[in-house]
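Worksheet: the structure to be examined is printed underneath.
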Amino acid sequence: MASFPVVEENVALARYTTIGTGGPARWFARPETVDELHELLRWASERELPLEVIGLGSNLLVHDAGVEALVEKLSGELATAHVDGETLVMGGGAANAVGLHRARAAGLGGFEFASAIPGTAGGGVRMNAGAYGVEWRDVLIDAVIVDAFGPRTVSVEELGLSYRHSNLAPGQVVAGVRFRLQPSTPEAVKERAASLLAQRKATQPTNKRTFGSVFKNPGGGPGAGRMIESCGLKGHGIGGAIVSPRHANFIENAGSATTADCIAVMAEARRRVREQFGVELEHEVQFLGPLELPPL
Ligand SMILES: Cc1cc2nc3c(=O)[nH]c(=O)nc-3n(C[C@H](O)[C@H](O)[C@H](O)COP(=O)(O)OP(=O)(O)OC[C@H]3O[C@@H](n4cnc5c(N)ncnc54)[C@H](O)[C@@H]3O)c2cc1C
């Protein structure tokens, strides 16, 4: 029988998010294998506990009062990566940087786009993360999804990936991911990743605490950042949260931000963009706990 992970209570989540805000998880566990994850999900289901999963918290806002749920953070073998032929095999909790490191060492290209996305393989599936014209769905073969009924392998088509969207249901956890890569050389991979990172540093606040893109880019017209900037909001702050002076679709934690400050800045940006452009921005950042934006 699989070992059962320790379930801790009232664990602070702010340190597990890149923005560094938010309250505690009522219950928190770090499953290390698919069997442990399955046991944990079954245990939670029997008790009807709500479930949440976090990766590197790089697209997350957690309610300041915390989350009344069992929050899982995949660890151990669920956070490792290796190469098998031309396939990059990653645990759902493995950091993209680790995946890129393994691919580079094996001389495989095609994952460089993910090097500057500071999340995990599983978080990338949930968000269909992407950059520089490449998304998870372009390189994904399949994923192992675990819920209270057990693990199953799901094809990329079944995951229904589109712009920052997947059809994963609540309680479904991505435990493993396989990516199809191509032969390259370690030097070429390194060079490509470095060049993409340099482009990013030139335009985004990479050295600040943020949660990545705040809003999705609406199709067709200008991007969310361009519209927020046109409203004169760059540098606009509420409490400790400010619209990044470098890129207006980022919110920076200027030191003492709360999640409520971030939500207030988001609400103001949405209101002003709706007023000036008639566009209703949809948030890309994911919410943990009873968070919502005020109606427009
Ligand atoms: C500086 C910066 C730059 C960024 N640039 C980009 C970019 O270019 N492109 C882009 O797409 N994103 C970008 N992001 C956002 C973020 O990195 C991605 O969305 C990333 O894929 C989130 O991964 P994560 O593991 O941190 O997920 P988290 O932020 O921890 O969680 C995000 C969502 O995924 C769910 N989730 C996490 N792990 C799992 C799992 N194993 N199974 C099921 N659900 C899971 C969570 O429940 C939540 O709903 C950026 C963020 C930052 C801070």
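What follows draws every value from the coordinates through simple rules; no lab data is involved. None of these values were measured; they are calculated from a predicted model. Note: ideal-geometry Cβ built from the backbone for every residue, glycine included; neighbour counts use all protein chains shown.
What is the antiparallel percent of DSSP beta bridges lying wholly in region 1-116, to the nearest 5?
Here the share of antiparallel DSSP bridges comes out near 55 percent.
Could you work out the relative contact order of the chain? I mean the mean sequence separation of Cα pairs under 8 Å and 6+ apart, divided by the number of residues, in percent.
18 percent
Run the dipole for the chain about the Cα centre, Lys and Arg Cβ at +1, Asp and Glu Cβ at -1, nothing else charged, and hand back the magnitude in debye, nearest 20.
1100 debye
In whole Hz, with x marking every Gly and Pro, tabulate ³J(HN,Hα) for region 141-157 from phi via Karplus 6.51 cos²θ - 1.76 cosθ + 1.60, θ = phi - 60°.
So the Karplus estimates, Gly and Pro as x, are 9, 6, 9, 8, 10, 10, 9, 4, 8, x, x, 8, 8, 10, 6, 4, 5 Hz.
Counting only residues 5 or more places away or on other chains, whose amide H sits under 5 Å from the amide H of F215 once H atoms are built in the peptide plane?
E284
Where does each of 23-36, 175-188, 89-102 land if you order them by average Cβ count within 10 Å, highest first?
89-102, 23-36, 175-188
Could you point to the residue in A175, G219, I141 farthest towards the positive end of the chain's charge dipole, with +1 and -1 charges on the Cβ of Lys/Arg and Asp/Glu respectively?
G219
Give me the lysines in straight-line cross-link reach of K190: C-alpha distance below 20 Å, same-chain residues under 8 apart excluded.
Result set, ordered by chain and number: K201.
For the chain, what Kirkwood radius comes out of the mean inverse Cα-Cα distance, in Å?
After inverting the pairwise mean of 1/r, the radius is 19.7 Å.
Compute the projected area of the convex hull of the Cα atoms of region 89-132, averaged over all viewing directions, and report it in nm² to one decimal place.
2.8 nm²
Using Cα pairs under 8 angstrom and six or more residues apart, how large is the relative contact order of region 1-124, in percent?
23 percent
Run the quick spin-label model on Q276 and S45: label points 7 Å from Cα toward the beta carbon, then report their separation in nm to one decimal.
4.9 nm
Under a Cβ-Cβ cut-off of 15 Å, what is the net charge of the residues other than R246 that fall near it, where Lys and Arg count +1 and Asp and Glu count -1?
It works out to a net charge of +4.
Using the per-residue mean of other Cβ atoms lying within 10 Å as a proxy for protection, in what order, highest first, do the peptides 51-62, 215-226 fall?
By packing density, highest mean first, the sequence is 51-62, 215-226.
Would you calculate a helix-derived [θ] at 222 nm for the chain, using -39,500 (n - 2.57) for each DSSP H run of n ≥ 4 and dividing by the full residue count, to the nearest 500?
-8000 deg cm²/dmol
If I stretch the segment between E268 and R200 completely, what's the gain in nm (0.36 nm per residue apart, minus their alpha carbon distance), one decimal?
21.9 nm
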